[in-house]
Each structure stands twice: as structure tokens, then as C-alpha cells.
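The block underneath contains the structure these notes are about, expressed in C-alpha cells.
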Amino acid sequence: MRLDVLVLSAVLAASTAVALPAAASATTCYGGAVTKHYGDGAYFGPYTASSRCTDINLRLTAGTSDWVDACVVFIDHGSQCNRWTRVPKGPWRTIATDVLDGTHFEVIVGVPLEGDDATVQIAF
């Protein structure tokens, strides 16, 4: 019985050790987020992608809007959006993937109804 407890303890310790780096990485990425208010503008940036995140992430945290549409413009390569992504209030959404460190970009945010406002966070 004592051996079973030791084995279980070792397994739990090993699984916890594996989970910590991913959690620390996510905390660092989102910990560097900037907060912006739609109403002060619809174009946010320019920003420079960092090693904190491999993607550009956005979440809607407050405001009268239930969701926003967002896209990324890679300003060194043109003025077109990569794609529009609907972002509901609450969870983080990836709006651009596999972004290289040092990449310059802007984020465009749109709300569904005229007069809506939104507070968003952008992590990159």
C-alpha cells in the first residue's frame, strides 16, 4: 500500500511539472495585454509582435456590445485585413496565428450596432 501511495505521488508530481510551463507561458502572453476602448478609435496600434505570444489574441471585456469583429493588418506587407474574427464577450480569441517576433501590425475592431461601445484587450 505504501508503494502505491509513493507511485501515485510521483505521477502527480510529474504531471504537475509538465502542466506548469504551459500555464506560465499563457500567463506571460496575456499578462502583456494592452487595453483599448472602441469609441476612442477603431484602429489600434501600431504594435510590434513579441516573443510573449506566437499569436495575436483579443478579448472583449466590457461595454454595451455582446461581440466585436476584429482583424489584423500586417502594416509592413499592405493595408488589407488578414481575416475578420468574431469575438464574443469573455474568452480570448486568436485573431492571427504564427506571427513572427518583430512583425508590425494594427488591429481593427468593429461593433455590431452604431452607438455600441467596447473595451478590448490585445495580447501579442
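Rule-based calculations on the coordinates, nothing more; no lab input. The structure displayed is predicted, hence computed values, not measured ones. Every residue, glycine as well, gets a Cβ built from its backbone with ideal geometry; the counts of neighbours run over all protein chains shown.
Take Ala123 and decide whether it is under 12 Å from the mean Cα position of the chain (by Cα) and among the hydrophobic types (A, V, I, L, M, F, W, C). Steps first, please.
Values: under 12 Å from the mean Cα position of the chain (by Cα): yes; among the hydrophobic types (A, V, I, L, M, F, W, C): yes.
Yes: the conditions hold for Ala123.
Only one residue in Ile95, Ile108 is within 20 Å of Thr28 (Cβ to Cβ), among the hydrophobic types (A, V, I, L, M, F, W, C) and surrounded by 12 or more Cβ atoms within 10 Å (Cβ to Cβ), so which one is that? Lay out the reasoning, then the answer.
Values: Ile108 fails: within 20 Å of Thr28 (Cβ to Cβ).
Just a single option satisfies the conditions, and that option is Ile95.
Does the range 35-51 hold any residues that are surrounded by fewer than 17 Cβ atoms within 10 Å (Cβ to Cβ) and under 17 Å from Gly102 (Cα atoms), and which are they? I'd like the intermediate steps shown before the answer.
So the first thing to find is which residues in the range 35-51 are surrounded by fewer than 17 Cβ atoms within 10 Å (Cβ to Cβ), and the list is 35, 37, 39-43, 46, 48, 50-51.
Passing the criteria: Pro46, Thr48, Ser50, Ser51.
Filter the range 59-70 down to the residues that are surrounded by fewer than 19 Cβ atoms within 10 Å (Cβ to Cβ) and either small (Gly, Ala, Ser) or within 27 Å of Asp98 (Cα to Cα) (or both) and list them by number.
Taking the range 59-70 as the starting set, the residues that turn out to be surrounded by fewer than 19 Cβ atoms within 10 Å (Cβ to Cβ) are 61-64, 66-67, 69.
Passing the criteria: Thr61, Ala62, Gly63, Trp67, Asp69.
Find the strands (runs of 3 or more DSSP E) located wholly in the range 75-124 whose residues include 1 or more that are touching a Ser or Thr at 6+ places or on another chain (Cβ under 9 Å) and within 11 Å of Leu58 (Cβ to Cβ), and list them.
It comes to 85-88, 93-96, 118-123.
Let's see how each residue does on (1) in contact with a Pro (Cβ under 8 Å, 6 or more places away or on another chain); (2) among the polar types (S, T, N, Q):
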{"position": "Tyr43", "(1), (2)": "no, no"}
{"position": "Thr54", "(1), (2)": "no, yes"}
{"position": "Leu60", "(1), (2)": "yes, no"}
{"position": "Asp66", "(1), (2)": "yes, no"}
{"position": "Trp84", "(1), (2)": "no, no"}
{"position": "Trp92", "(1), (2)": "no, no"}
{"position": "Val109", "(1), (2)": "no, no"}
{"position": "Leu113", "(1), (2)": "no, no"}
{"position": "Ala118", "(1), (2)": "no, no"}
